Amino acid sequence: MKSISNQNHGFSLIELVVAIAIMILLLGGGIAAFAKFNDKQKLLSASRELGQLLRIAQTKARAREIPDDGVCDPVDNPIMAYRVISDGAGAPGTLVRVYPICGLTQSDYGDPDSNSDPILSLDLPTNITLEEAMKVDFQALYGGAQIDGASTFHLSSGSNQVEFSISEGGAIGDVVESIP
């Protein structure tokens, strides 16, 4: 006589639905974590680029490098500083520019002509905001920095925020993460 056994060789519909639901939850959490990580990395990258732009302006000022545009003349109109300015504060996608500042005395030079071309510029990505307006003169003769406004600058993207500072001596601080 043959015995009939009731053996299941597969999964029930409920088991499959539960397994798929768990996989969807894990996948959704992984995608959200990756998006947050990616935003943070873009912010750190933009802050490093801004720091590099500041260091280039600082180096050019310390070396008293005269730009090739013919604006500055070593005798009559010497290089006094390199100015780093931003378009504004709190707006995403800010443009940061570097201009040479020439003159015989500090009172000779004002803001660069709005029609003049910067020697360097950095266009921050549209999702990254520079919270403070930036106007920093890296002095050629004195070696320090003349900062108009705040000396600590914050960059933000979503819930991520980093900051760095510039001292009056011209030292550019490292980028550190800050809690908004």
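Within the range 58-102, track down each residue that is of a type in the set (D, E, K, R) and either within 19 Å of the chain's Cα centre (by Cα) or on the phi < 0 side of the Ramachandran plot (or both). Hits for the range 58-102 are Lys60, Arg62, Glu65, Asp68, Asp69, Asp73, Asp76, Arg83, Asp87, Arg97. Only one of these conditions is not met by Asn127: (1) buried (at least 18 other Cβ atoms within 10 Å of the Cβ); (2) within 26 Å of Lys40 (Cβ to Cβ); (3) not small (Gly, Ala, Ser). Which number is it? Exception for Asn127: condition (1). Condition test on Lys60, is it among the charged types (D, E, K, R), under 19 Å from Gly103 (Cα atoms) and assigned to a helix (DSSP H, G or I)? In short, yes. The single condition from (1) touching a Pro at 6+ places or on another chain (Cβ under 9 Å); (2) farther than 21 Å from Lys135 by Cβ; (3) modelled with pLDDT of 90 or more that Val98 fails is (2).
Residues that are more than 20 Å from Arg62 (Cα to Cα): list the strands (runs of 3 or more DSSP E) wholly contained in the range 120-180 that include at least 2 such residues.
Result: 120-123, 152-157, 160-165.
Applying a threshold of 7 Å to beta carbon distances and a minimum spacing of six or more residues, or different chains, the list of pairs starting in the range 62-91 at a residue that is closer than 22 Å to Ser157 by Cα and in contact (Cβ under 8 Å) with a residue 24 or more places away in the chain and ending at one that is of a type in the set (Ser, Thr, Tyr) and assigned to a loop (DSSP other than H, G, I, E, B) reads Ser86/Thr94; Gly88/Thr94.
Could you run through the range 34-57 and say how many residues are more than 17 Å from the chain's Cα centre (by Cα) and either at pLDDT 90 or above or at positive phi (or both)? Number satisfying all stated conditions: 1.
The values are calculated or read from the model by the stated rules, or taken from the named source; none is laboratory data. This structure is a prediction, so every number in the text was calculated from the model and none was measured. Don't worry about glycine lacking a Cβ; one is built from the backbone with ideal geometry, like all the others, and counts go over all protein chains shown.
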